[in-house]
Amino acid sequence: MPRHLTDPDPCPRPSAPTRRPVRDDARARPRRTGTQRFLHPPFIARSHPGSWRATHRREGSAVTRRARLTELDLLRFLAALAVVLYHFTGFGGPGPWPEAAREVFPEIAGITRYGYLGVDLFFMVSGFVILMSAWGRGPGEFGVSRVVRLMPAYWASVLLGAAVYAVFREGHGVPGLVVPNLTMLQGGLGVDNVDAVYWTLWVEMHFYVLAAVLAGIGITYRSCLVFMAAWMLGGVFADEAGNRFLQVMLVPTWSPYFIAGMALYMIHRFGPTLLLWGYVAASWLLALYWGGWRADHAFKGSDELVVSGVVTAIFLIMILVATGRLSGVRWRGLTVLGALTYPLYLVHSQVALPLLDAVYPDLDRWGALAAVTAASLLLAYALHRLVERPAAPWLKARLRASLDAARTSAAEPREETPPV
């Protein structure tokens, strides 16, 4: 017999550590391919206590999250306030003042003229929050949550705006405006908005439809990655081909913010990967391009470098939110500010026209600005307390009952009355 089979190993190796017995289910578990490892949420490395990584856990590849991200409430309110100040002090067209707002407030118009970029922050926060709220829900539950959240305040805003419109424009065309505006579908019908700010809700509607489709497919880590890639590339290809339907459906001029918000939520929930950062980076570059385009075409006179700086700041702030760097921003009042954001956005311009007509120029311009801003906040609070809070549970209960009936086919026709 050869010596190498009988002699001791001349270079003995340390004995291998005793292994724990392998469970049967572990033997049966197939090994993941490289692609599957690439698409799967990462293992989160241990880190020092108190760091944002230390708040993650591997159970279900998800993050241990706080019930509410109050920093998002603050960002949403600041975005709404930026839009309010843009309309009251930085807008260059006709508005509530006898002359252009930026001519009334030349001292601050150089800054507040960029308040329209609050909408960009709105859309990124929406991408983050909508994916968070849709995760684990089907399209029906997701649709109920959106209707309950948006429609009560919106209906009240449309009726209030119609009243202002009727008084200050002598009622011309009010019925033809109000009826389609109550559906929130007026953007697709080619009907003017009762209030100019409603255009952003129509953009959001496109995102909700796409998110409902994703919820119908099933929201998973992998399906979100595919969805975001298809949305981003589909929008670019739609522009290249001049395909009007896809351009309308995929809103490529605004989709980078929604996609970035979704990717940042996944970073917040599962931890960072190079792929997710790639989505954020690509969205940022596209957002810079479209921000510059809007500065040249829609908001003429805006400095493209300033716009790029603000857009970049929006991305950086949302990255801080996603990575937990702003988790120390906690104050009970922020929840109230977050609740006021949507009604404030809806009603601020409706308050401005009648109030300024009554107090200006009896009050100086700064006093009138303070009065109209305070009145907007008060009306937003009233709308939240008197409309949103009572209507939400009532509407949610009935919509859920309707959804349950549709699922179980429990809706039976009423007993018919025999003909006489």
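Each reported figure results from applying straightforward, stated rules to the coordinates on display, with no laboratory input. This is a predicted model, so every value here is computed, not measured.
Couplings for segment 234-240, taken from phi via the Karplus curve 6.51 cos²θ - 1.76 cosθ + 1.60 with θ = phi - 60°, read x, x, 5, 5, 4, 5, 4 Hz in order; Gly and Pro are left as x. The separation of segment 127-146 from segment 259-304, counted between C-alpha centres, amounts to 22 Å. When all alpha-carbon pairs of segment 173-245 are counted, what percent fall beyond 18 Å? Here the tail beyond 18 Å accounts for 55 percent of pairs. Pairwise inverse Cα distances across segment 70-402, averaged and inverted, put the Kirkwood hydrodynamic radius at 20.9 Å.
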